[in-house]
Amino acid sequence: VLHKLTTRLVRENQTVVIEDLTVRNLAKNHSLARAISDASWTELRSMLEYKCAWYGRELVVVDRWFPSSKLCGACGTVAASLPLNVREWTCDCGTLHDRDINAARNIKAAGLAVSACGDGVRPQRESSRTGQLPAKQEALTAK
C-alpha cells in the first residue's frame, strides 16, 4: 500500500511537501503509539525521499516547530496555545478552522513558498541571550 501511495504522489506532483515529525516522540504517547506504528510514517518518508530523487521531483520538509496547526490560514495570526484535544478553533479574525485541514493548508503553503523562494521553513524564535529574533541579531553583527 505504501509503495502504491508514494509512487502515485510522486508521479502526480512536481513538489511533495511533508512535515518533519519526530515519530519516536509521538510513539511515546501510549494512546496513539499503535496507530502511529501502524501508519509507518518513517517508512512513508523514506519512500518519498528516494522516489522524489528517482523521478526528479522536489521533496520539501517543513520544520517540526513550524506552527502549522496554530497558524490562521486566513490572517496569519498564531494562536497562543492549542491543546491537542482541541480539534476546531476560531481565530480572532472570525475564521473557524479544523485543526488538521488548517495544518495541511499551512504546510502546503509553506512548502510551495520554499519551492518558489528556495529558503527553509522555520519559525522565528527569540535568542535566549538577547531576547531578539535571530534575523535582527544577524543584521546587528553584519554592520
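The values are calculated or read from the model by the stated rules, or taken from the named source; none is laboratory data. Remember, it's a predicted structure, so these values are computed and weren't measured experimentally. For accessibility, only protein heavy atoms count, side chains too; no ligands or nucleic acids. Shrake-Rupley method; radii C 1.70, N 1.55, O 1.52, S 1.80 Å.
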Quiz item: If we scan segment 88-111, do we find a residue that is modelled with pLDDT under 90 and more than 16 Å from the chain's Cα centre (by Cα)?
Solution: no
Quiz item: Taking segment 78-98, which residues are of a type in the set (Ser, Thr, Tyr) and open to solvent by less than 60 Å² (accessible area, probe 1.4 Å)?
Solution: Thr95
Quiz prompt | Residue check for Ala79: within 29 Å of Arg11 (Cα to Cα) and not β-branched (Val, Ile, Thr) | solution = no
